[in-house]
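**Q** One structure coming up, written as structure tokens, with questions to follow.
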Amino acid sequence: GGNNAGHTVVVDGKEYDFHLFPSGIINPKAISFIGNGVVIHLPGLFEEAEKNEKKGLKDWEKRLIISDRAHIVFDFHQAVDGLQEVQRQAQEGKNIGTTKKGIGPTYSSKAARTGLRICDLLSDFGEFSSRFKNLAQQYKSMFPTLEIDIEGQLKKLKGYAEKIRPMVRDGVYFMYEALHGSPKKILVEGANAALLDIDFGTYPFVTSSNCTVGGVCTGLGVPPQHVGDVYGVVKAYTTRVGIGAFPTEQINEIGDLLQSRGHEWGVTTGRKRRCGWLDLVILKYAHMINGFTALALTKLDILDVLDEIKIGVAYKLGGKRIPYFPANQEILQKVEVEYETMPGWKTDTTGARKWEDLPPKAQNYIRCVENHVGVPVKWVGVGKSRESMIQLF
């Protein structure tokens, strides 16, 4: 994706916010790579660098590589994102709830083959400028209120070009060498969630990129046979930011409790996340697409205070269970959720460091998830710090 998604990473008690940076940028021994599938807003990248430098991030530019095939998010893409949301609200009475970071419009330019890439910015600047002007004109004709300072923008872009030049590589060749050179551990980080995938998500309330496992191949140029383990990261309850269907949502004191205890605010927008019971229909659907080899179940501790806990195990339409996840939004709004109810453990789990430390009822909850989805839980999270991640095998 782009800097619409955010990951909060806590290391040694310091909290970092990442949007474009891979989370591995903190590790001085790791090389971080932004692939061709990402759309990059250059001012956003340097703003993020500055914020995290203040928190102690050092020498990031020595460890970061950027694919020359990644598309560029321009300031006018961001302005257009905002204008389109206003238009949707006026015409349909509802918007998509985008982050207004220009992601959708940039992927639109990419699909329309009018987009500009990092390699274009670093090549002949005259050629880049004329294509930039054409793209800007196209948007101005579509949105008459749009104001674009073309010369000012180009001047800034020229400055960014020189700043990123040392970091840019041919991403395909870089990945090929990484995969075929001396053996190394390669971790691919996805952003957004499976249900926000452009192809498989709750369309149209989705992002514009593939955030499912296929993005590894298309977004980095990694051949499928190199994909090893696939880890699904899922909270012990379900959340959604922005609008769109949410069958297990709890618009009540349970939802409020999960929201406040879980500090459920969007990292990018600060919007309150909507909360509900764990939806295993969604989790199974995500597994159908991604083929998880293991799961990381996070934020188990948020459920510590509940008397009873429900798990959504099936969807019904007209009283009949359906074995699939509905594609259509209107149908998804109509499904009835079938729940399994379990007793809560009513114990503070934040101090747990191994499986045996978890109360039996919490262990049962985890086993229930494993049995329904058919994927082992490899990690259980009971807090923000790295120590709070219990590894089971």
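The values are calculated or read from the model by the stated rules, or taken from the named source; none is laboratory data. Bear in mind that the values here come from a model prediction, so they are computed numbers and not experimental data. Counting neighbours? That spans all protein chains shown, and the Cβs are built from the backbone with ideal geometry, glycine included. Areas reflect the complete protein model, heavy atoms only, side chains present, ligands, DNA and RNA absent. Shrake-Rupley method; radii C 1.70, N 1.55, O 1.52, S 1.80 Å.
**Q** Being closer than 23 Å to LEU295 by Cα, of a type outside the set (A, V, I, L, M) and more than 27 Å from the chain's Cα centre (by Cα) narrows it down to one of LYS320, LYS354, LYS378, so name that one.
**A** Working: LYS320 fails: closer than 23 Å to LEU295 by Cα; LYS378 fails: more than 27 Å from the chain's Cα centre (by Cα).
Of LYS320, LYS354, LYS378, the one residue that is closer than 23 Å to LEU295 by Cα, of a type outside the set (A, V, I, L, M) and more than 27 Å from the chain's Cα centre (by Cα) is LYS354.
**Q** Please count how many residues of region 371-387 are assigned to a strand (DSSP E or B) and either among the polar types (S, T, N, Q) or not assigned by the TED database to the domain that holds THR350 (or both).
**A** The number of residues fulfilling the criteria is 0.
**Q** A follow-up question, please. Quick one: in region 48-88, of everything that is outside any loop (DSSP other than H, G, I, E, B) and basic (Lys, Arg), which residue is nearest to the chain's Cα centre (by Cα)?
**A** Filtering region 48-88 for residues that are outside any loop (DSSP other than H, G, I, E, B) and basic (Lys, Arg), the one nearest to the chain's Cα centre (by Cα) comes out as LYS51.
**Q** Which residues, counting only those in region 231-254, are charged (D, E, K, R) and open to solvent by 40 Å² or more (accessible area, probe 1.4 Å)? Steps first, answer last, please.
**A** If we filter region 231-254 for residues that are charged (D, E, K, R), which is where we start, we get 235, 240, 249, 253.
Answer for region 231-254, where residues must be charged (D, E, K, R) and open to solvent by 40 Å² or more (accessible area, probe 1.4 Å): LYS235, GLU249, GLU253.
**Q** To continue, here is another question. Could you check region 1-32 and list, in sequence order, the residues that are without any contact (Cβ under 8 Å) to a residue 40 or more places away in the chain and under 21 Å from LYS100 (Cα atoms)?
**A** Once the filter is applied, which keeps residues that are without any contact (Cβ under 8 Å) to a residue 40 or more places away in the chain and under 21 Å from LYS100 (Cα atoms), region 1-32 yields PHE18, LEU20.
**Q** Follow-up. For region 344-374, how many residues are open to solvent by less than 30 Å² (accessible area, probe 1.4 Å) and touching a Lys or Arg at 6+ places or on another chain (Cβ under 9 Å)?
**A** 4
**Q** Consider LYS100 carefully, then state whether it is in contact with a helix residue (DSSP H, G or I) (Cβ under 9 Å, 6 or more places away or on another chain), free of Cβ contacts under 8 Å to residues at least 40 places away in the same chain and in a loop (DSSP other than H, G, I, E, B).
**A** The answer is yes for LYS100.
**Q** Among the listed residues GLU177, GLU151, which satisfies the condition of being out of contact with any helix residue (DSSP H, G or I) (no Cβ under 9 Å at 6 or more places or on another chain), under 24 Å from LEU83 (Cβ atoms), open to solvent by 70 Å² or more (accessible area, probe 1.4 Å) and among the acidic types (Asp, Glu)?
**A** Of GLU177, GLU151, the one residue that is out of contact with any helix residue (DSSP H, G or I) (no Cβ under 9 Å at 6 or more places or on another chain), under 24 Å from LEU83 (Cβ atoms), open to solvent by 70 Å² or more (accessible area, probe 1.4 Å) and among the acidic types (Asp, Glu) is GLU151.
**Q** Another question, then. Can you tell me which residues in region 269-296 are among the charged types (D, E, K, R) and either at pLDDT 95 or above or in contact with a Cys (Cβ under 8 Å, 6 or more places away or on another chain) (or both)?
**A** Of everything in region 269-296, those that are among the charged types (D, E, K, R) and either at pLDDT 95 or above or in contact with a Cys (Cβ under 8 Å, 6 or more places away or on another chain) (or both) turn out to be ARG274, ASP279, LYS284.
**Q** Going residue by residue through region 63-70, is there one that turns out to be more than 12 Å from ILE118 (Cα to Cα), open to solvent by less than 30 Å² (accessible area, probe 1.4 Å) and free of Cβ contacts under 8 Å to residues at least 24 places away in the same chain?
**A** No, every residue in region 63-70 fails to be more than 12 Å from ILE118 (Cα to Cα), open to solvent by less than 30 Å² (accessible area, probe 1.4 Å) and free of Cβ contacts under 8 Å to residues at least 24 places away in the same chain.
**Q** Turning to a different aspect of this structure: Give me a count of the residues in region 323-343 that are exposed (fewer than 12 other Cβ atoms within 10 Å of the Cβ) and either among the polar types (S, T, N, Q) or farther than 24 Å from ILE289 by Cβ (or both). First the steps, then the outcome.
**A** Here is the first cut: in region 323-343, the ones exposed (fewer than 12 other Cβ atoms within 10 Å of the Cβ) are 323-324, 327-328, 330, 341.
Now drop any that are not either among the polar types (S, T, N, Q) or farther than 24 Å from ILE289 by Cβ (or both), which leaves 328, 341.
Summing the residues that are exposed (fewer than 12 other Cβ atoms within 10 Å of the Cβ) and either among the polar types (S, T, N, Q) or farther than 24 Å from ILE289 by Cβ (or both) in region 323-343 gives 2.
**Q** Within the group LEU283, LEU303, LEU257, which residue is open to solvent by less than 40 Å² (accessible area, probe 1.4 Å) and more than 19 Å from the chain's Cα centre (by Cα)?
**A** Details: LEU283 fails: more than 19 Å from the chain's Cα centre (by Cα); LEU257 fails: open to solvent by less than 40 Å² (accessible area, probe 1.4 Å).
Exactly one of LEU283, LEU303, LEU257 is open to solvent by less than 40 Å² (accessible area, probe 1.4 Å) and more than 19 Å from the chain's Cα centre (by Cα), namely LEU303.
**Q** Hey, another quick one. Considering only residues that are of a type in the set (D, E, K, R) and assigned to a strand (DSSP E or B), look in region 10-40 and name the one that is least open to solvent (accessible area, probe 1.4 Å).
**A** Checked region 10-40; the qualifying residue least open to solvent (accessible area, probe 1.4 Å) is ASP17.
**Q** Can you tell me which of PHE174, PHE132, PHE128 is aromatic (Phe, Trp, Tyr) and within 27 Å of the chain's Cα centre (by Cα)?
**A** PHE174
**Q** Additional query: Give me the pairs, please: first residue somewhere in region 289-300 and within 22 Å of VAL227 (Cα to Cα), second residue anywhere and among the acidic types (Asp, Glu), beta-carbon distance under 8 Å, and either six or more positions apart or on two chains.
**A** ILE289/ASP197; THR293/ASP229; ALA294/ASP229; LEU295/GLU370
**Q** May I pose another question? Could you grab me the full set of residues in region 291-300 that are buried (at least 22 other Cβ atoms within 10 Å of the Cβ) and either more than 21 Å from THR350 (Cβ to Cβ) or more than 19 Å from the chain's Cα centre (by Cα) (or both)?
**A** Hits for region 291-300 are PHE292, LEU300.
**Q** Considering region 203-230 alone, what residues qualify as being hydroxyl-bearing (Ser, Thr, Tyr) and either buried (at least 22 other Cβ atoms within 10 Å of the Cβ) or under 12 Å from the mean Cα position of the chain (by Cα) (or both)?
**A** Those that are hydroxyl-bearing (Ser, Thr, Tyr) and either buried (at least 22 other Cβ atoms within 10 Å of the Cβ) or under 12 Å from the mean Cα position of the chain (by Cα) (or both): THR207, SER208, SER209, THR212.
**Q** Still on this structure: Restrict the check to region 185-202 and report whether at least one residue is over 15 Å from ALA286 (Cβ atoms), touching a residue at least 60 places away in the same chain (Cβ under 8 Å), among the hydroxyl-bearing types (Ser, Thr, Tyr) and open to solvent by less than 30 Å² (accessible area, probe 1.4 Å).
**A** No, there is no match, as no residue in region 185-202 is over 15 Å from ALA286 (Cβ atoms), touching a residue at least 60 places away in the same chain (Cβ under 8 Å), among the hydroxyl-bearing types (Ser, Thr, Tyr) and open to solvent by less than 30 Å² (accessible area, probe 1.4 Å).
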